[in-house]
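**Q** Pasting in a structure now, in structure tokens, and then I'll have a few things to ask.
The values are calculated or read from the model by the stated rules, or taken from the named source; none is laboratory data. Given the structure is predicted, the values throughout are model-derived calculations rather than measurements. Quick reminder, even Gly has a Cβ in these numbers, built from the backbone with ideal geometry, and neighbours come from all protein chains shown.
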Amino acid sequence: MKKKGRSIWSIVLFLALVLQALNFTPITHGSASAAASEEYGLPAKTKDGVIFHAWNWSFDTIKANLPAIAAAGYKSVQTSPIQGNKENLMEGSKWWILYQPTNFKIGNAQLGNRDQFKAMCDEAEKYGIDIIVDVVANHTGNAGGGSLTYTPASNVDSAIKNNQYFWHDARGVEDWNNRWQVTHWGIGLPDLNTSNQELQNIIIAFLNDAIALGADGFRFDAAKHIELPNEDGGSNFWTRVLGSLSKQNLYIYGEVLQGGADNFAGYSNYINLTASAFGHDIIKAVGYGASKNVDKARSYNSAGVSSSKLVTWVESHDTYANDASETTAMNDWQIKMGWALIASRAETTSLFFGRPGGSGKFGTALGQAGKDLWKDADVAAVNKFHNAMVGQGEYLRTISSELMLVERGTKGMTIVNLGGDASINSVTNLASGTYVNQATGGGTFTVANGRITGNIGGGKIAVLYEAAKPTPKVSIDVQEGGFFTDSLTVKMTYSDAVSASYSLNNGTQTPFNSGNTVTFGAGAAFGTTYTLKIVANNAAGQTTQTYTFTKEDPNAALKVHYYKPSGWGTPGMYYYDDSVTPTKIGVAWPGTAMTDEGGGWYSTQVAGWKKAKVIFTSGSNQIPGASQPGYDVTGEKWIKDGVIHTSNPDVVIKTPTVSIDKSEGAFYTDSLDVTISYNDATAAAYSLNGSAQVSIASGQKVTFGAGAAYGTTYTLNVTASNADKTTTKSYSFTKTKAALPAPTISIDKAEGTFYGNSLEVTVSYANADGATYTLNGGAQTNVASGQKITIGADGAFGTKYTLIVTASNEDKSTTKTFTFTKEDPNAGLSIHYYKPSGWGTPNIYYYDDSVTPLKIGVAWPGVAMTDEGNGWYVFRVTGWTQGKVIFNSGSNQIPGASQPGYAVTGEKWIKNGVIYQSNPDIVIPENKTPTITIDKAEGAFNSDSLNVAITLKDATSATYSLNGGAPVSFTSGQQVAFGAGDAYGTTYTLSVTAINIDKTATKTYTFKKEEEQAITVHYYKPDGWGTPNIYYYDESVSPKKEGGAWPGVAMKNEGNGWYSYTLTGWSKANVIFNSNGQQIPASKQPGYLVTKSVWIKNGVITDQEPVQKTVAVTFTIKNATTVSGQNIYLAGNVAELGNWAPASAVATTISTYPTWKVTVNLVEGTKIEFKAIKKNASNNVVWESGQNHSYTVSSSNPNVEFNFNN
């Protein structure tokens, strides 16, 4: 953790991405870098070397120390965070300010600006050193402590600060074992929502800018607090951000401090990781805070993560600098011993933390170099050993608790002795021979007959291996470029070489000894160029250096412009050349008067001179001052306020600006019109996806995307130029399918209490392809929008019902929960009141004066009643059997003041002062026949018993009888239960009779108790279909029985083109299959009739799976070049090709390199898609570029041949 806290981000930034204008092409470490790495014995890959953490060093400080860093064997340098931060603090103790960024742009007061960063990267490349940038993507700086801890600092980039979707909740983690909190709440600083793609775009632009300037890798600060894809609250941050970087093979690791809900192993799927637990063990191993015990340095304690994914350390900036000062008191000896234990080992990448210099914990200011332990001779010896042992395995031998041998294959060994003087006599895998200790402890060790012997001093390190011979080094004593004498003498020096030779202008190579000179140019014409080539050799190899010189005319014109200081008259210019003997003087002191050019500028031109030193004078004034050398000038120069310029600094040449009228990123239309505008430019051109440049006028539109597939990316490069400067900007767009809105769900009943036997709830939804519901945790049931669901019919009064409805579309899903309680309408008072005209919602005041003291329900004016519709309002009182009621609204009340309330019991309707037993507005018309309905389909039922609810309309009374039994009176909505405990096959006849004052109706229903049956339908999906739905029904019963609303239920993928669905409780059904508007059988055709489990393919129904014919298909992959360790595999969309999983892809064999072949048995007629991949033993995968290959399996064409798309 960082001092002052750090926060975890889950912010959503809805902001158009504005990429920074990249003025540089991304740097590729080519042959020059590789040669530099080889010269210093550095490995080719960052992962295989060691990292120097130049903590708090400025870019210029790192640049100045690069020769020493390379000489000490470090492959990479890690910077502190390079983003802008909230304050320009420079005290060493304020290091935490670098971890409180305000933007995603390069440059800050402590480390330097963007140009200095690029200069550092450019210089590092010369030495084969990689630059790793510390990135803070999880949080920003805060506005202060206390209540401001989670408030962004005032100077946080407004595009980030002012977007509410960019921030997680302003609160800190409370439970470190709660993964969601760890990734969504803060750690002491305002937490960014890294799941938001617009914010990700800003981060991607920042990282790609750093790459363009020369960055070779990144450390993600607080990575543990940035969510992974496959966890609660997860996102695509890691896959999308890392997948969008403009350069491959970057070294990327994250700070995932072990402990609590760290999901350590999960992060290893995306990035390398800090081995913090191992660091704790190392400091104990060397005796810091514990007894010395080298065995504590054995296990990486990495939760099963491969050691090849780990970054190890003795101490980190956190353990050193945080308030706990965990490692601050470690001494240099302990650090060196710990370094030998970790950096001598295989696979891991070790980081050496550069402590601050000076006295105390923070003795140097931010930006300055720290202590020199990083280049200590023993540390450097271990570094070089690590580099020389790349590719070698390891074997650890514990001689005692204070002595360990770290063997690397048969090539080398490091001995770490934490105790006193020791004699070594141990079994070893080293090759026989005599080994000289490369560390400062000295001494030699002998290996013979599989044993190593020798002596090592107490507290010393021995580094044993056959060190690579240094390559020769060459230098000269003069600078390349122009020389102004008739001839030039160059002294040539070499080291680590046994012989050397030189040639001039590709002439004969001439041997020479170090320190010899060569002279050239005498009598030659001005402008003649000389190429001096020096070649030096030793047993390890050869070094070649080439230097170029041009003979210049010393009499060519020199022109100097000078800005006159305030108070001066016309300045004079005194000029001389002391590079020759004797010194050449142009004009005697005080020089020649200069010519007024206007605007405060004066000039003098000196014919025949190309270089000079100049002093300006006016009266007793002179610049530079007395006894100071003149300004050194060549050609034409402008001098103002002591600064030498190559052009007039008062003339500002504007840089062209380029802009567009659309935000980068995703667009959701078929095509996109982008208007390009520019200023301060005389010409401009654009290119799209690398096509030829097209000239364009400012304000002109560029259109792209029409007809292209979703996911297509467009890169628009625009270049604008004037006479002096050029600006190039790059914009990226992706054609994206618009996301569907989230489904909405509603019901037509208010939640809470309902009175009566049952409640009908109508479910409605929008923006959804379908929906399901569950009732009190029961089975998921399909529901159509507008469909009614009946609840309560089988439950006792007081039963609670939880209705959960889920609606889904292609992109989103919505779930809503509704809760109801069934109450007995006769257990209390139910009062319905018809509202008088002009009243608002009526209140009901109720009391009971039949008891003493008077019982009052609610104080006046009572309780607002519930609108039932059609002018009626209702209020129910539980626990009351009688009472008196008064209705009121505003100043109105009925009955009037001082009048007793209406006396009521049970359920009553009151309208216009009349009390009714039922709703007076519902009148059964004369000659209206009662209607009878039930809620179950006749026919078979498979449960032990069946509950049938009977509903009446236009009836005053009704009875039912079961299997000819005595009639039983009932009310509408009441349930009849039968079947419990009876044998399967029992038949039930339910007769229902309903009457009113005029007519009688009778209906008879028949049911049969049968064992539950299940039919499994297997369907072979037609070509071009998505996942098929199955719609099933039974028209042999009345009413028609349906499994669910159209289009039915999605079937389950069984593989090889087959899908299945089981119809539980059905003995027969008609089935129709459909997908995306297509259906089989066709519209208005009956479904296939099924009475048992069947397989249906191409309209043919069988009672067992049709035999599938397979074809042995031979794939030939041409032009598939590989590097060492790689092989070619075939992946595709069928199980036989691994279903696109690289781990399950089919291995091929070399036919004639680079042609590979493999034969796979595939089902005839299957249309497959596939690609070839390159994969090594570490499961690093390189996919073919371009579209997927496709092929329909055919026995008449069993050979597939294609080129690997690199």
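**Q** Do we find that ALA72 is assigned by TED's automatic domain parsing to the domain that holds ASN155, hydrophobic (A, V, I, L, M, F, W, C) and surrounded by fewer than 21 Cβ atoms within 10 Å (Cβ to Cβ) in this structure? Don't jump to the end; show me each part of the working.
**A** On the way: assigned by TED's automatic domain parsing to the domain that holds ASN155: yes; hydrophobic (A, V, I, L, M, F, W, C): yes; surrounded by fewer than 21 Cβ atoms within 10 Å (Cβ to Cβ): no.
No.
**Q** Residues that are closer than 15 Å to TRP1025 by Cβ, at least 2 per element: which strands (runs of 3 or more DSSP E) completely within the stretch 1066-1118 meet that?
**A** Details: elements: 1069-1075, 1078-1080, 1088-1090, 1094-1097, 1100-1102, 1110-1118.
The qualifying strands (runs of 3 or more DSSP E) are 1069-1075, 1078-1080, 1094-1097.
**Q** Would you confirm, using the coordinates I've provided, whether LYS224 is charged (D, E, K, R) and either in a helix (DSSP H, G or I) or within 17 Å of LEU341 (Cβ to Cβ) (or both)? First the steps, then the outcome.
**A** On the way: charged (D, E, K, R): yes; either in a helix (DSSP H, G or I) or within 17 Å of LEU341 (Cβ to Cβ) (or both): yes.
Criteria met by LYS224.
**Q** Next question, about the same structure. Could you tell me which residue of the stretch 616-634 is modelled with the lowest pLDDT, considering only residues that are under 11 Å from VAL560 (Cβ atoms) and among the hydrophobic types (A, V, I, L, M, F, W, C)?
**A** By that ranking, first place goes to VAL633.
**Q** Looking at (1) surrounded by 14 or more Cβ atoms within 10 Å (Cβ to Cβ); (2) assigned to a loop (DSSP other than H, G, I, E, B), can you tell me which one GLN479 breaks?
**A** Checking GLN479 against (1) surrounded by 14 or more Cβ atoms within 10 Å (Cβ to Cβ); (2) assigned to a loop (DSSP other than H, G, I, E, B), the one that fails is (1).
**Q** Of everything in the stretch 1168-1206 that's assigned to a strand (DSSP E or B) and among the acidic types (Asp, Glu), which residue is surrounded by the most Cβ atoms within 10 Å (Cβ to Cβ)?
**A** Among residues in the stretch 1168-1206 that are assigned to a strand (DSSP E or B) and among the acidic types (Asp, Glu), the one surrounded by the most Cβ atoms within 10 Å (Cβ to Cβ) is GLU1169.
**Q** Looking at (1) at pLDDT 90 or above; (2) surrounded by fewer than 16 Cβ atoms within 10 Å (Cβ to Cβ); (3) of a type outside the set (Val, Ile, Thr); (4) out of contact with any His (no Cβ under 7 Å at 6 or more places or on another chain), which is the only condition ASN1098 fails?
**A** Here ASN1098 meets the rest and fails (1).
**Q** Say whether the condition of being buried (at least 20 other Cβ atoms within 10 Å of the Cβ), assigned to a strand (DSSP E or B), touching a Phe, Trp or Tyr at 6+ places or on another chain (Cβ under 7 Å) and assigned by TED's automatic domain parsing to the domain that holds THR46 is met by at least one residue in the stretch 166-173. Quick ask: steps written out before the conclusion?
**A** Quick first cut of the stretch 166-173, residues buried (at least 20 other Cβ atoms within 10 Å of the Cβ) only: 166-168, 173.
Among the residues that remain, those that are also assigned to a strand (DSSP E or B) are: 167.
Add one more test, that the residue is touching a Phe, Trp or Tyr at 6+ places or on another chain (Cβ under 7 Å), and what stays is none.
No, the stretch 166-173 contains no residue that is buried (at least 20 other Cβ atoms within 10 Å of the Cβ), assigned to a strand (DSSP E or B), touching a Phe, Trp or Tyr at 6+ places or on another chain (Cβ under 7 Å) and assigned by TED's automatic domain parsing to the domain that holds THR46.
**Q** Continuing with this model, one more query. With the condition being under 60 Å from the mean Cα position of the chain (by Cα) and among the β-branched types (Val, Ile, Thr), I'd like the strands (runs of 3 or more DSSP E) fully within the stretch 894-1009 carrying at least 3 qualifying residues.
**A** On the way: elements: 902-905, 907-911, 914-916, 931-934, 939-941, 946-953, 957-962, 975-978, 987-995, 1000-1009.
Correct list: 946-953.
**Q** Turning to a different aspect of this structure: Which members of the stretch 138-165 meet the condition of being farther than 24 Å from LEU89 by Cα, in a loop (DSSP other than H, G, I, E, B) and either touching a Phe, Trp or Tyr at 6+ places or on another chain (Cβ under 7 Å) or in contact (Cβ under 8 Å) with a residue 60 or more places away in the chain (or both)?
**A** Correct list: ASN163 only.
**Q** On to the next question. Regarding THR453, is this residue under 23 Å from PHE549 (Cβ atoms) and part of a strand (DSSP E or B)?
**A** Against the criterion (under 23 Å from PHE549 (Cβ atoms) and part of a strand (DSSP E or B)), THR453 does not qualify.
**Q** Go through the stretch 900-954 residue by residue and tally those that are among the polar types (S, T, N, Q) and without any contact (Cβ under 8 Å) to a residue 12 or more places away in the chain.
**A** Taking the stretch 900-954 and keeping what is among the polar types (S, T, N, Q), we get 905, 912, 917-919, 927, 929, 931, 933, 942-943, 945, 947, 951.
Still in the list and also without any contact (Cβ under 8 Å) to a residue 12 or more places away in the chain: 917-918.
Summing the residues that are among the polar types (S, T, N, Q) and without any contact (Cβ under 8 Å) to a residue 12 or more places away in the chain in the stretch 900-954 gives 2.
**Q** Looking at the stretch 1036-1053, can you tell me whether even one residue there is aliphatic (A, V, I, L, M), under 25 Å from LYS788 (Cα atoms), modelled with pLDDT of 90 or more and in a loop (DSSP other than H, G, I, E, B)?
**A** Within the stretch 1036-1053 (the criterion being aliphatic (A, V, I, L, M), under 25 Å from LYS788 (Cα atoms), modelled with pLDDT of 90 or more and in a loop (DSSP other than H, G, I, E, B)), the answer is yes, since at least one residue qualifies.
**Q** Shifting gears a bit: For residues in the stretch 482-503 being outside any strand (DSSP E or B) and at pLDDT 85 or above, which is nearest to ASP332 (Cα to Cα)?
**A** Of everything passing the filter in the stretch 482-503, ALA497 is nearest to ASP332 (Cα to Cα).
**Q** Does the stretch 744-759 include one or more residues that are assigned to a loop (DSSP other than H, G, I, E, B), within 28 Å of the chain's Cα centre (by Cα) and not basic (Lys, Arg)? Spell out how you get there, then give the answer.
**A** Start the filter on the stretch 744-759 by keeping residues that are assigned to a loop (DSSP other than H, G, I, E, B), which leaves 748-751, 756-758.
Going one step further and asking which of them are within 28 Å of the chain's Cα centre (by Cα), we end up with none.
The answer is no; no qualifying residue exists.
**Q** What is the residue count in the stretch 541-567 for residues that are at negative phi, in a loop (DSSP other than H, G, I, E, B) and exposed (fewer than 14 other Cβ atoms within 10 Å of the Cβ)? Spell out the reasoning first.
**A** Taking the stretch 541-567 first, the residues at negative phi are 542-566.
Within this subset, residues satisfying the condition of being in a loop (DSSP other than H, G, I, E, B) are 552-557, 564-566.
Next, only the ones that are exposed (fewer than 14 other Cβ atoms within 10 Å of the Cβ) stay: 555, 557, 566.
Selection size over the stretch 541-567: 3.
**Q** State whether the residues of the stretch 841-855 include one that is touching a Ser or Thr at 6+ places or on another chain (Cβ under 8 Å) and either under 25 Å from GLY1048 (Cβ atoms) or at pLDDT below 90 (or both).
**A** no
**Q** Answer with yes or no whether ILE342 is part of a helix (DSSP H, G or I), crowded, with 21+ Cβ neighbours inside 10 Å and within 34 Å of the chain's Cα centre (by Cα). Reasoning before the result, please.
**A** Details: part of a helix (DSSP H, G or I): yes; crowded, with 21+ Cβ neighbours inside 10 Å: yes; within 34 Å of the chain's Cα centre (by Cα): yes.
Considered against the rule, which asks whether it is part of a helix (DSSP H, G or I), crowded, with 21+ Cβ neighbours inside 10 Å and within 34 Å of the chain's Cα centre (by Cα), ILE342 comes out as yes.
**Q** Only residues that are part of a loop (DSSP other than H, G, I, E, B) and free of Cβ contacts under 8 Å to residues at least 12 places away in the same chain: list them for the stretch 1124-1152, please.
**A** In the first step, residues of the stretch 1124-1152 are kept if they are part of a loop (DSSP other than H, G, I, E, B); the result is 1124-1126, 1133-1134, 1141, 1145, 1148.
Once the filter is applied, which keeps residues that are part of a loop (DSSP other than H, G, I, E, B) and free of Cβ contacts under 8 Å to residues at least 12 places away in the same chain, the stretch 1124-1152 yields SER1124, ALA1141.
**Q** Right, PHE385: crowded, with 16+ Cβ neighbours inside 10 Å, aromatic (Phe, Trp, Tyr) and part of a loop (DSSP other than H, G, I, E, B) or not? Please lay out each step first, then the result.
**A** Values: crowded, with 16+ Cβ neighbours inside 10 Å: yes; aromatic (Phe, Trp, Tyr): yes; part of a loop (DSSP other than H, G, I, E, B): no.
No; evaluated as a whole, the condition is false for this residue.
**Q** Mind listing whichever residues of the stretch 692-715 are surrounded by 10 or more Cβ atoms within 10 Å (Cβ to Cβ) and free of Cβ contacts under 8 Å to residues at least 12 places away in the same chain?
**A** Of everything in the stretch 692-715, just one residue is surrounded by 10 or more Cβ atoms within 10 Å (Cβ to Cβ) and free of Cβ contacts under 8 Å to residues at least 12 places away in the same chain, namely VAL694.
**Q** For the stretch 816-864, which residues satisfy the criterion of being free of Cβ contacts under 8 Å to residues at least 60 places away in the same chain, surrounded by 16 or more Cβ atoms within 10 Å (Cβ to Cβ) and basic (Lys, Arg)?
**A** LYS835
**Q** Is there a residue in the stretch 489-499 that is over 30 Å from THR646 (Cβ atoms) and surrounded by fewer than 12 Cβ atoms within 10 Å (Cβ to Cβ)?
**A** Yes, the stretch 489-499 contains at least one residue that is over 30 Å from THR646 (Cβ atoms) and surrounded by fewer than 12 Cβ atoms within 10 Å (Cβ to Cβ).
**Q** Considering each residue of the stretch 997-1008, count those that are at pLDDT below 85 and not acidic (Asp, Glu), and give that number. Don't jump to the end; show me each part of the working.
**A** Taking the stretch 997-1008 first, the residues at pLDDT below 85 are 997-999.
From what's left, not acidic (Asp, Glu): 997, 999.
The total comes to 2.
**Q** Counting just the residues of the stretch 464-476 that are in contact (Cβ under 8 Å) with a residue 60 or more places away in the chain and not in a strand (DSSP E or B), which one comes out nearest to THR581 (Cα to Cα)?
**A** Taking the candidates together, the pick is PRO472.
**Q** Counting only residues that are under 13 Å from PHE818 (Cα atoms), loosely packed, with under 15 Cβ neighbours inside 10 Å and among the β-branched types (Val, Ile, Thr), how many does the stretch 736-762 have?
**A** 2
**Q** How many residues does the stretch 517-540 hold that are within 13 Å of THR489 (Cα to Cα) and assigned to a strand (DSSP E or B)?
**A** Restricting attention to the stretch 517-540, the residues satisfying the condition of being within 13 Å of THR489 (Cα to Cα) are 517-522, 530, 532.
Next cut, assigned to a strand (DSSP E or B) only: 517-520, 530, 532.
Residues in the stretch 517-540 being within 13 Å of THR489 (Cα to Cα) and assigned to a strand (DSSP E or B): 6 in total.
**Q** Tell me yes or no: at least one residue of the stretch 1040-1057 is touching a Leu at 6+ places or on another chain (Cβ under 8 Å), surrounded by fewer than 17 Cβ atoms within 10 Å (Cβ to Cβ) and closer than 30 Å to VAL1100 by Cβ. Please lay out each step first, then the result.
**A** Start the filter on the stretch 1040-1057 by keeping residues that are touching a Leu at 6+ places or on another chain (Cβ under 8 Å), which leaves 1043.
Of the ones still in play, those that are also surrounded by fewer than 17 Cβ atoms within 10 Å (Cβ to Cβ) are none.
Within the stretch 1040-1057, not a single residue is touching a Leu at 6+ places or on another chain (Cβ under 8 Å), surrounded by fewer than 17 Cβ atoms within 10 Å (Cβ to Cβ) and closer than 30 Å to VAL1100 by Cβ.
**Q** Turning to a different aspect of this structure: For the stretch 317-339, give me the residue count where each residue is touching a helix residue (DSSP H, G or I) at 6+ places or on another chain (Cβ under 7 Å) and not in a helix (DSSP H, G or I).
**A** So the answer is 4.
**Q** Quick check on the stretch 464-479. Is at least one of its residues modelled with pLDDT of 95 or more and under 53 Å from the mean Cα position of the chain (by Cα)? Spell out how you get there, then give the answer.
**A** Initial filter on the stretch 464-479 (modelled with pLDDT of 95 or more): 464.
Still in the running and under 53 Å from the mean Cα position of the chain (by Cα): 464.
There is at least one residue in the stretch 464-479 that is modelled with pLDDT of 95 or more and under 53 Å from the mean Cα position of the chain (by Cα).
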